[in-house]
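To keep things clear, I will list the structure first and then write my remarks on it.
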Amino acid sequence: MRAFARYDGLRLFLLWLGSFILYVAGFKTPILGMLAMILALMTPFRSSRKLRYYRDEVLGGVISFRRAWAYVVFQFFYASLLFAFAQFVYFSYIDKGYFMEQIAQMFSEPSTMQALQQMGMGQGLTQAVADLSQMRPIDLVLNIMTSNLLVGLVIGLPIGFMAHRSGKPLPPAPPQEGPSQQ
């Protein structure tokens with residue numbers, strides 16, 4: 001199971017990496033930021049599809065809830081490790097403060113401040129952004145990694161519930177005769 005989860009975790013990492021790259025590029029070109037959000041929202045659907053493939057093609061159509069949940073958690077675990085490494089490289093050697101500068105600029109715009117004040121979040125969020133900008137890259141990456149792992153733990157529950165199937169494993173499909181086997 002872990003070998004398949006590692007492979008699917010690598011693919012999930014690539015999805016997240018593409019989303020992160022588009023998000024950063026979206027600071028200059030907003031349509032790329034929208035594409036980043038779409039890629040990020042594809043995560044549960046992609047994870048569910050890979051779990052169903054694992055259940056049907058590897059396990060013969062049967063998987064317990066616990067095993068399905070564990071498979072999703074392992075996917076997120078391996079993806080989070082790879083994503084944390086990529087983000088650490090980005091924040092340590094490439095970013096030079098650009099990401100946090102853009103976030104701070106976004107929250108300091110008058111229209112954003114007015115909307116935040118109406119929701120009662122203005123001062124607290126401004127302080128949170130200031131605190132984030134003071135974090136070392138490793139601290140920021142570990143916070144993001146922890147969030148990704150927590151999301152995997154939680155999102156694995158409904159995905160595992162929907163994908164679990166009990167009963168007898170399906171028999172392997174008989175080999176199909178081709179024109180050369182006659």
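The values are calculated or read from the model by the stated rules, or taken from the named source; none is laboratory data. This one's a predicted model, so the numbers in the text were calculated from it and none came from an experiment. Cβ atoms come from the backbone with ideal geometry, glycine included; neighbour counts cover every protein chain shown. Calculation scope for accessible area: heavy atoms of the full protein, side chains included, ligands and nucleic acids excluded. Shrake-Rupley method; radii C 1.70, N 1.55, O 1.52, S 1.80 Å.
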Matching residues in the stretch 67-103 - criterion: being open to solvent by less than 30 Å² (accessible area, probe 1.4 Å) and among the small types (Gly, Ala, Ser): Ala68, Ala70, Ala79, Ser80, Ala84, Ala86
Total residues in the stretch 126-143, condition touching a residue at least 12 places away in the same chain (Cβ under 8 Å) and open to solvent by 50 Å² or more (accessible area, probe 1.4 Å): 5
Of residues in the stretch 18-31 being open to solvent by 50 Å² or more (accessible area, probe 1.4 Å) and part of a helix (DSSP H, G or I), the one modelled with the lowest pLDDT: Pro30
Pick from the stretch 76-100, criterion small (Gly, Ala, Ser) and either assigned to a loop (DSSP other than H, G, I, E, B) or more than 28 Å from Pro44 (Cβ to Cβ) (or both), ranking: farthest from the chain's Cα centre (by Cα): Gly97
